[in-house]
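The values are calculated or read from the model by the stated rules, or taken from the named source; none is laboratory data. Note that the structure is a prediction, hence the values are computed from the model and not measured. Neighbour counts are summed over all protein chains in view; Cβ atoms, including those assigned to glycine, are modelled from backbone coordinates with ideal geometry.
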Amino acid sequence: MAHNIRIWTITKENSLTEVTREKLDFEKRLEDWIEQDISILSDEYLTIGRQVPTQYNTSIDILALDRKGDIVIIELKRDKTPRDTIAQVLDYASWVKDLSREDIISIANEYLKDKGPIESRFSEKYFEPLPDVLNESHTMIVVASEIDASTDRIVRYLSDTHGVGINIAEFQYFKDNKKAEYISRVFLIEPEVATSNVERVRSSKRKRNLTREELETIAEKNGVKDLYTMLVDNLQECFDTSRTTMSSIGFEGKDMESGGRGVIFNLIPDSSKEKSLKYQVYSYRFVNFFGCSIQDLLDILPAGSKDWAYDQSNKTKPWIGYTGYFQSREEVERFIDGLLKIAKISE
């Protein structure tokens, strides 16, 4: 169903003035905005094509790649009927599903031109290499200024019942009495729910990421649960966000130089060293994020830290750092105290 969003400005006199909602007749502008800053849909998307031609003599409005290397099809509803809109985006998906890794790289590099290649652009944005497996799955997002009952019903049925990766992003347009313009965005289905619907019915070629509860259980079996939970609780306060992988929990932050956001610090509870908690830290990402020095980092790490690289064939600054083990509560407390000072949280 359509969302009746209302917006007010707060005046100097502490009263409210409603901002008028206007008819959204600027699909071309909206397409431009999405291309220029796809974060208005998701921080996890990277644009790799616009008006991408298919073999069916049609063109996909915007094509993107997510952090996992899966395709995102973005289609503006414009003046199409609900039936035509859904049929169109499903038709695009039938073409996208057969794109090979080489096809995707070719589409991306043709679009990116001197901003590419896609391997570099991907690692700049996500601080991770381009995955070996691309396009294992795909997501469809219909961009609309209003969601009618028929489109709502069809999309929810496809997502909830059949686990189809489809959603609607509804944008509404406002203009105040000073001609300042505003847009709002809301999803028909919460993105986390839409993703869960897909995963519920899909078998994946990739191993799934562990849950936070599973990682904590591993830490407990390894005899380091107290160290693990103490670090996790405090690290979450210092970094922008965190996410799990197949073996670790990673803490992320934005690189002030490149503008990319990726993992800075990893905790790996399943350590080959008994009763120890392994860590990996990308040193230059750490320095850029916190505005400190390499020595500041080394001063708070446990003794015995060793040089480390994510990939031995790529030892450029974003991909190198240190690794080692936390083995005592004293080491953890010393690290946390030092980190809080570097992050200026304790001041």
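Descriptive notes on the structure:
- Of the set (1) surrounded by 14 or more Cβ atoms within 10 Å (Cβ to Cβ); (2) in a loop (DSSP other than H, G, I, E, B), all apply to LYS178 but (1).
- Of the criteria (1) in contact (Cβ under 8 Å) with a residue 12 or more places away in the chain; (2) closer than 30 Å to SER42 by Cα; (3) out of contact with any helix residue (DSSP H, G or I) (no Cβ under 8 Å at 6 or more places or on another chain), which one SER283 fails: (3)
- Residues of the stretch 146-155 satisfying the condition of being under 24 Å from ILE183 (Cβ atoms), within 27 Å of the chain's Cα centre (by Cα) and part of a helix (DSSP H, G or I): THR151, ASP152, VAL155
- Qualifying residue in the stretch 77-87 (condition: outside the structural domain of GLY253 (by TED's automatic domain parsing), within 24 Å of the chain's Cα centre (by Cα), modelled with pLDDT under 95 and not in a loop (DSSP other than H, G, I, E, B)): no
- Yes/no for LYS306 being modelled with pLDDT under 90 and either over 29 Å from the mean Cα position of the chain (by Cα) or within 28 Å of LEU130 (Cα to Cα) (or both): no
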